[in-house]
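In what follows, a structure is listed as C-alpha cells, so that the remarks can point back to it.
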Protein chains: 2
Amino acid sequence: MAPTTTVPIGTLPSGSVTGRLASVYSEVQKTRVDHALPLPSVLKHPFTILDGPPSSAAGNPDEIAKLFPHLFGQPSAALAPSGAVQTQKKLKIGVVLSGGQAPGGHNVISGIFDYLQERAPGSTLYGFKGGPAGIMKCKYVELTSEYIYPYRNQGGFDMICSGRDKIETPEQFKQAEETAKKLDLDGLVVIGGDDSNTNACLLAENFRSKNLKTSVIGCPKTIDGDLKCKEVPTSFGFDTACKIYSEMIGNVMIDARSTGKYYHFVRLMGRAASHITLECALQTHPNITIIGEEVAAKKLTLKNVTDYIVDVVCKRAEINYNYGVILIPEGLIDFIPEVQHLIAELNEILAHDTVDEGGLWKKKLTDQSLKLFDFLPQAIQEQLMLERDPHGNVQVAKIETEKMLIQMVETELEKRKQEGKYNGEFKGQSHFFGYEGRCGLPTNFDATYCYALGYGAGALLHSGKTGLISSVANLCAPVEEWTVGGTALTSLMDVERRHGTHFHL
Amino acid sequence: MAPTTTVPIGTLPSGSVTGRLASVYSEVQKTRVDHALPLPSVLKHPFTILDGPPSSAAGNPDEIAKLFPHLFGQPSAALAPSGAVQTQKKLKIGVVLSGGQAPGGHNVISGIFDYLQERAPGSTLYGFKGGPAGIMKCKYVELTSEYIYPYRNQGGFDMICSGRDKIETPEQFKQAEETAKKLDLDGLVVIGGDDSNTNACLLAENFRSKNLKTSVIGCPKTIDGDLKCKEVPTSFGFDTACKIYSEMIGNVMIDARSTGKYYHFVRLMGRAASHITLECALQTHPNITIIGEEVAAKKLTLKNVTDYIVDVVCKRAEINYNYGVILIPEGLIDFIPEVQHLIAELNEILAHDTVDEGGLWKKKLTDQSLKLFDFLPQAIQEQLMLERDPHGNVQVAKIETEKMLIQMVETELEKRKQEGKYNGEFKGQSHFFGYEGRCGLPTNFDATYCYALGYGAGALLHSGKTGLISSVANLCAPVEEWTVGGTALTSLMDVERRHGTHFHL
C-alpha cells in the first residue's frame, strides 16, 4: 500500500463539472463538487488493523451465536498508525445503497473509490443498481472516476439508485452468491439502516459459510438517527436532514410571530424514533415539542397529549399570544400504548375478517380500543382502515397526525371556551417535512463523515475483514482526530420479540 | 440634503448582534445582519425629482377619475442626478407592513430609516404594529437604529408584525386621520400587495381631500409575483420564495430519481397567479408543470388536466420510468372554468339555503356542475362545503388540489390498466410548499431591491409626493444602474367587474 498524505479528491477527471451536468447543476452544486474533504489522520498515513477482544451480542448471545455460527464472537477492529507498508493487492469490490435516501451516500462511494485508487491501485469498484435487487439480478455499473465525479458531495442516491428489497430466502442468497462469484468479488459494502445492516451480516455469514472469499462491510445510514451505539455514534444524513428541517421550522416560526394568528403543527420524519424532532427542537426552540419516546415512557393517552397542547395554548392566550409552532414526530401515535393496542387489534381483524359497512366488525375491538376508535376524528378512522404495507400492517407513516391533533385541540378548546376557561382564537396549520430533507446537499459534517466511512470500509475490506460495520468515532474532536475501525455486527444484535421473534441490530 | 457616497448600513449601533438576539440567531443570520448592500447610483448622490407627463388609468379612466378626484392624472416621478442640495427638513414618517409576509420587508424599513438618517437628519420613523390596524388604533413604536439593526437582511415581518385589516369605512378613515394628526405625520409608507396598495391610494386620496399634509407612498410586496407592470418590474419576496421552493423541489426530484417509485405532486403558493409555479419550473425542470392561466386560456376541464398528467405517466411507464415530479399552482382549480361555475353556484346556495344531509340541495346545481361535483373525490366534496372566508366564499387555498389530482390520476390509470394501455406502478406523494418560503432569509436580490425601494420611498416623501408606488427598475442591469422613482397608483388602476364592481390595481 502506497502511503499518501493528501487525497486528491475532486481533481479527477479535471476539476470541473462538464457535459450534461454542467447545464443542470446549480451554482451551489457546482461549487460543492470541488469541495475538498479532510481525512482523519489515521487514514492519511500507513496503518495497521488492531483486533479488539472477542465480542458478544447486545442481548440473547446464545441465540445470536446460533444464527451466526461463523461470525459470532469475532472482534471489532480499529485502525492504528503503522510504519509497515501493506500489499498492493488489487481488489474487486461491490457497493450497494439500501433503503431510503440520506444525504452523503454518494460520498461513502467516493470514499471507497478513493481508497482503492490510493491504496490498491488497479482495483475495480462495481455499483449495484437499484438496491439489493441489483445484487440478486447482477445489475451493476463499473464505477470510474468520471462516473463518480459529478456526484461528489451531492445529495441523493441517484448515482446507482436504491431499493428496499431484502436478500433473505435461500434462493435469494443463492443469487447473491452467483453474482459474487461471477464478478469475482473480494468484498461488498452495504450502505443502509438497521434492517440493511442486519441483512449485510446475514450475507457475510452466508458467504463465510460457503467459503466464498467475498467479505461484507456495512455502513450506518439513516436520517432518523436511530442507528447508533458507542462505536457508531451517528448514522449519516441525520445532520443534514435536521439542518434542512430546522431552517424550514425557523422560517415557519418567524412566520407565526409575524402574523400572530396561526399555530403551526409540524410533523417531522422519523417513524421509529423521535431523534429528528428532538434535534430540530434543540436547534429552533419551538413552543411545544412532543417526543414519542417520552409519551411511551409516561404511558400517555392521546387525550393526555391533546390536553398538554391545549394547556399551553390557553396559557399563551392569556398573554394574547394566539400563535406558535408545535413539533410532532412522524411515528407519534405508534408510541401511544392505547393506540398501539388499537392498531394491533385492527391488524388482527383486517388480516382475518372482512370489514362490513354496518360496523359489526367493531364488536371485535376491546372496549378500550373501541372507545379510542370512536374518539378519533373520522378522517383518521378512515386512514387507519387504509391499505396495508407489504407486511400487512397499518401504514402509520400515512396517518396525518398533525391534522388529527389540530382537530382534537380545536374540539377541546371549544369545550374550554364554553366553560369560560379560554378566550383566544385558534387556527391550526399543518405541515409535513419529510422528503425535502432526504436528498439535500450534504452538510460539511455529513460529507466528511461519509467520506471517512467509505474510506474506512475500503481499508477493512483490504484487510479481509467481514461482518463489520464501518465505524468512525470521536466525532466531537477535529476531523484529524477521528477514530476509524469496524464494529462486529453480531455484537450489536439482539432478538426482538415484539412482533413474533426476530433478531435485529 | 447632505450628499453621501457610501451608506454605513450595519455599522450602527456597533456592527454585531448583541444581547438576546446573539443567543438566538444562527451563524448565517448573524453574518447576514452585517451584509453590506449596494445602492443604485442615483441614490448615492444628490438627486432631483423629475415629473413625467400626466397619467391616466390602466382601464376605465372616467370611473377611476371619479374615485380619486385629487390624485387622478398626476404624473409619475423619476429620480435624476442633480448638483443642487435639498433642504434639511426634518420629517415624521410612519411605516406599516400589510398582508402576508414576503422576504425583504425589514429591508424596506431599513432603507426608509437610512434615507432619513442620511438625507433628513433628526427625522423620526414610526412603525405601526400589526398592520393597518396599528394605524387605526395608533399602536406604534419609534424605530431607532438599535431597534432596526438586528432585523437588517432578515426574513419575516416580526420587527413590527403585519395584519390583513383594511382601512375602508368612513369611520376607519377618520381613525387614520386622527393618528396622522396625533403623530404629526409628514408621510406614511404602506408595504403591501395589490389590495394594500389600492388601500394606500384611497388613504392618499382621503388625506389630500382633507388637506392633511400626510403623504402616502406604497411599496410592491408579494411573493406571488403578480404585482408588476412596466414601472414595477417585480414585487419583493418572489425571488427568495422561488429559490426556497426550487431548492426543495430539487431535493424532491433527486429523491424521486433515487427511489424510482413515486410521483411527487407539489402544490406551490400562489392563488391568483401561477408565477411561482412557472419560475420554479424554469429553475428545476420538473416532469410536468400545470399553469393555471394556461388552463384558463384553453378552457380545460379537470378531466383534461387529469388526462394530460396520465398521458405523461403512461409514456414514462413505457420506458420504465415510474416516478416524477409534478408542479401545481395553489389556485389551479380556481382557473378551471367548470370549477369556477361550480364554486359560484355553491357560494350562492350556501349563502341562501340550508344544506340538507339527504342531498336535496344538490338539485339547485346546474347539470354540468352536479356532474362535476359527483366526479370529484369525496374528500374534495367535503372541502368545498367547508367553512367560508370572511367574504362568504369557498376557501380555495384550503383545497388540497395535489391530493385531489393524485386520486383522479389513480382512478384514470386503473381504467387504462384494465384496457391494457398502461402497465406501470403509480404511487403519488403530496406536498404543499408555502409558509416555509414566506419568511426565509432574503436573497441578495431581494435584500438589495427592498433597501432601494425603501430608500426611494424616503426620497419621494421628502419631496412631498403622494399616491405613488415606489418603483425601482432596470433590474437586469447592475445595481448601480437601477432606476428609482414613483409610479402614480391611479395610473395602474382598473375597474374589475368579475364579482360585482370593484376598482383595483
Number of positions in the stretch A:252-286 that are outside any helix (DSSP H, G or I) and away from every other protein chain (no Cβ under 14 Å): 5
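This table checks each residue for (1) under 22 Å from the mean Cα position of the chain (by Cα); (2) away from chain B (no Cβ under 14 Å).
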| site | (1), (2) |
| --- | --- |
| A:Lys363 | no, yes |
| A:Glu382 | no, no |
| A:Asp389 | yes, no |
| A:Glu400 | yes, no |
| A:Leu405 | no, yes |
| A:Met408 | no, yes |
| A:Lys415 | no, yes |
| A:Ser463 | no, yes |
Residues being exposed (fewer than 15 other Cβ atoms within 10 Å of the Cβ) and either modelled with pLDDT under 95 or in contact with a Cys (Cβ under 8 Å, 6 or more places away or on another chain) (or both) - total across the stretch B:49-61: 1
Output for the stretch B:435-455, where each listed residue is closer than 19 Å to B:Val28 by Cα, among the hydrophobic types (A, V, I, L, M, F, W, C) and outside any loop (DSSP other than H, G, I, E, B): B:Phe445, B:Ala447
Total residues in the stretch B:456-468, condition assigned to a helix (DSSP H, G or I) and either crowded, with 24+ Cβ neighbours inside 10 Å or among the polar types (S, T, N, Q) (or both): 6
Checking A:Asp226 against (1) touching a His at 6+ places or on another chain (Cβ under 7 Å); (2) assigned to a loop (DSSP other than H, G, I, E, B); (3) within 14 Å of chain B (Cβ to nearest Cβ), the condition it does not meet: (3)
Counted residues, the stretch B:416-434 - those being out of contact with any Phe, Trp or Tyr (no Cβ under 7 Å at 6 or more places or on another chain), in contact (Cβ under 8 Å) with a residue 24 or more places away in the chain and assigned to a helix (DSSP H, G or I): 0
Out of A:Phe432, A:Phe503, sole residue that is of a type in the set (Phe, Trp, Tyr), within 14 Å of another protein chain (Cβ to nearest Cβ) and in contact with a helix residue (DSSP H, G or I) (Cβ under 8 Å, 6 or more places away or on another chain): A:Phe432
Qualifying residue in the stretch A:287-300 (condition: within 14 Å of chain B (Cβ to nearest Cβ), in a loop (DSSP other than H, G, I, E, B) and among the basic types (Lys, Arg)): no
Some residue of the stretch A:79-91 being closer than 22 Å to A:Thr198 by Cα, touching a Ser or Thr at 6+ places or on another chain (Cβ under 8 Å), touching a residue at least 40 places away in the same chain (Cβ under 8 Å) and crowded, with 19+ Cβ neighbours inside 10 Å: no
Members of the stretch B:350-402 found to be touching a Phe, Trp or Tyr at 6+ places or on another chain (Cβ under 8 Å), surrounded by 15 or more Cβ atoms within 10 Å (Cβ to Cβ) and at pLDDT below 85, listed by number: B:Leu384
The one condition in (1) more than 14 Å from chain B (Cβ to nearest Cβ); (2) buried (at least 17 other Cβ atoms within 10 Å of the Cβ); (3) in contact with a Cys (Cβ under 8 Å, 6 or more places away or on another chain); (4) of a type in the set (D, E, K, R) that A:Glu178 fails to fulfil: (2)
Within the stretch B:239-274, tally of residues that are under 18 Å from B:Leu441 (Cβ atoms), touching a residue at least 60 places away in the same chain (Cβ under 8 Å) and of a type in the set (Ser, Thr, Tyr): 2
Output for the stretch B:275-293, where each listed residue is touching a residue at least 40 places away in the same chain (Cβ under 8 Å), under 20 Å from the mean Cα position of the chain (by Cα), within 12 Å of B:Ile249 (Cβ to Cβ) and surrounded by fewer than 23 Cβ atoms within 10 Å (Cβ to Cβ): B:Glu279, B:Ala281, B:Gln283
Search result, residues across the stretch B:194-236 that are more than 12 Å from B:Gly467 (Cα to Cα), in contact with a strand residue (DSSP E or B) (Cβ under 7 Å, 6 or more places away or on another chain) and crowded, with 24+ Cβ neighbours inside 10 Å: B:Ser196, B:Pro220, B:Lys221, B:Leu227, B:Ser235, B:Phe236
Filtered residues of the stretch B:340-360 (kept if without any contact (Cβ under 8 Å) to a residue 12 or more places away in the chain and among the β-branched types (Val, Ile, Thr)): B:Thr354
Every residue from the stretch B:147-175 that is surrounded by 22 or more Cβ atoms within 10 Å (Cβ to Cβ), among the charged types (D, E, K, R) and away from chain A (no Cβ under 14 Å): B:Arg152
Extreme residue, nearest to the other protein chains (Cβ to nearest Cβ), among residues of the stretch A:231-251 that are part of a loop (DSSP other than H, G, I, E, B) and among the β-branched types (Val, Ile, Thr): A:Thr234
Criterion (at pLDDT 95 or above and outside the structural domain of B:Gln101 (by the TED database)) met by exactly one of B:Glu205, B:Glu247: B:Glu247
Candidate set from the stretch A:121-136 (those that are surrounded by fewer than 24 Cβ atoms within 10 Å (Cβ to Cβ) and touching a residue at least 40 places away in the same chain (Cβ under 8 Å)); member that is farthest from the other protein chains (Cβ to nearest Cβ): A:Pro121
Residue check, A:Lys427 touching a Gly at 6+ places or on another chain (Cβ under 9 Å), surrounded by fewer than 24 Cβ atoms within 10 Å (Cβ to Cβ) and in the same structural domain as A:Asn251 (by the TED database): no
Condition met for B:Val216 (touching a residue at least 12 places away in the same chain (Cβ under 8 Å), hydrophobic (A, V, I, L, M, F, W, C) and either within 14 Å of chain A (Cβ to nearest Cβ) or more than 29 Å from B:Ser98 (Cα to Cα) (or both)): no
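The values are calculated or read from the model by the stated rules, or taken from the named source; none is laboratory data. The structure displayed is predicted, hence computed values, not measured ones. Every residue, glycine among them, receives a Cβ derived from its backbone with ideal geometry; neighbour counts consider all protein chains shown.
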